[in-house]
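Bear in mind these aren't lab numbers, they're just calculated from the coordinates by the rules spelled out. Please read all numbers here as calculations on a predicted model, not as lab measurements.
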């Protein structure tokens, strides 16, 4: 699907050719380059969560109300001795508008030790596979959590339909992204959407349709999102956090194909649409849930692997605290080996 290309960050300084990740927007590139210990904010594509896989910091996407619209400011270098301390600055209502009547009152983290947590683990997605290295790291983490006394499950009938959720996410995401496309690009997408086979339910087709979503269809999508949100609310009566990949692979080589929608990503030897990996960002973004990424291991090549832990809506402190507990119990980020670039 054609569209405005995203900006890229160059390979990270000092990492030569070993650790390379494409940063779709300048803010994510800044996170990569500055490498603060903790970053937080909100982007619909997981643009803080994805870079956290390859850098020595945790990234938290907040579900709390923003001060300045849907894209919340970041608070680099939040103090790790006070997990969630940045939320008071980040999430409070604008005192000149909503803040006149509303005050921030986020609940405390549900638990302060791993053994009391009820955890649901999702190792892969029905529409996008996870690399064997990511699944293995997540399975190892699940075993360690169970050994530590936590309640760990791998299935729940309460989990919303993730196939429908991914398709819903792509429609809503592109309806936002394409709103500022040039008129000629938008008209091109309208023509492309009209030519789609009505039975084409691929994520790529969903993105094309989403880019030209009508107001009527946008409201229908929001109604389905409310249904999914209610299911998540019910699920979090039985679980405290949901663990899943933040992205389907460890850090991968840059793809400089000019049109980002034509890019591909290789997962265990098989090619997939580059944009389809966003399903893992959508799992928390669509229902508006807080998510935190923390390091949990390395691939056979020495590349870091992270886990995305998702908490209940407006309970941002729960996944942030859980990430800290993971570090305290099992260790945090360790710098991967690398070979300096020959050039």
Evaluated at q = 0.09, 0.10, 0.14, 0.18 Å⁻¹: base-10 log I(q)/I(0), Debye formula over Cα of the range 120-243: -0.37, -0.45, -0.75, -1.00
Ratio of Rg to Rh over the range 173-218 (Cα coordinates, Kirkwood Rh, two decimals): 0.94
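How big is the shadow of the Cα convex hull of the range 242-333, averaged over all directions, in nm²? Don't jump to the answer; show the numbers that get you there.
On the way: hull surface 27.6 nm².
Answer in nm², one decimal: 6.9.
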Pairs of Cα atoms farther than 18 Å apart, the range 235-290, %: 45 percent
Cα pair distances exceeding 29 angstrom across the range 185-343, given as percent: 36 percent
Cα gyration tensor category, rounded, prolate or oblate, for the range 100-154 with a/c compared to 1.5: oblate
